[in-house]
Every structure is written in C-alpha cells, then in structure tokens.
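Beneath this line is the structure, given in structure tokens, with notes to follow.
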Amino acid sequence: MAVPVETAVCIAHNVFLLLDGWVWTCVLAADEAARLLRSATQ
C-alpha cells in the first residue's frame, strides 16, 4: 500500500512538530526543576 509523497511529507512534518514540542516541554521542566533545586540548596 503506497501513499502519495505529499501525504508522507505531511505526516513526517506533523510527527516532527509533535516530538519537537515534547522535547521542548521536557527541557523546560528539567530547567525549572534544576532552578528549584538550586534555590533550595542555597
């Protein structure tokens, strides 16, 4: 079962955006956790 190239590109783009958003959220959460730990130890 073949899919048109445009459809495959659209799916890949959407998956990339989803993963990019997830990674960005994890980075922000880790940064916030590190900031809280630094402030708790000072």
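Each value in this text was obtained by applying a stated rule to the coordinates, not by laboratory testing. Owing to the predicted nature of the structure, the values given are computational and were not obtained by experimental measurement. As a convention, Cβ positions derive from the backbone with ideal geometry for all residues, glycine included, and neighbour counts pool all protein chains shown.
See the values below:
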| quantity | calculated |
| --- | --- |
| Integer Hz, Karplus 6.51/-1.76/1.60 couplings in order for segment 27-39, x for Gly and Pro | 5, 5, 5, 5, 5, 5, 5, 5, 5, 5, 5, 5, 6 |
| Local net charge near ALA12, Cβ-Cβ under 13 Å (Lys/Arg +1, Asp/Glu -1) | -2 |
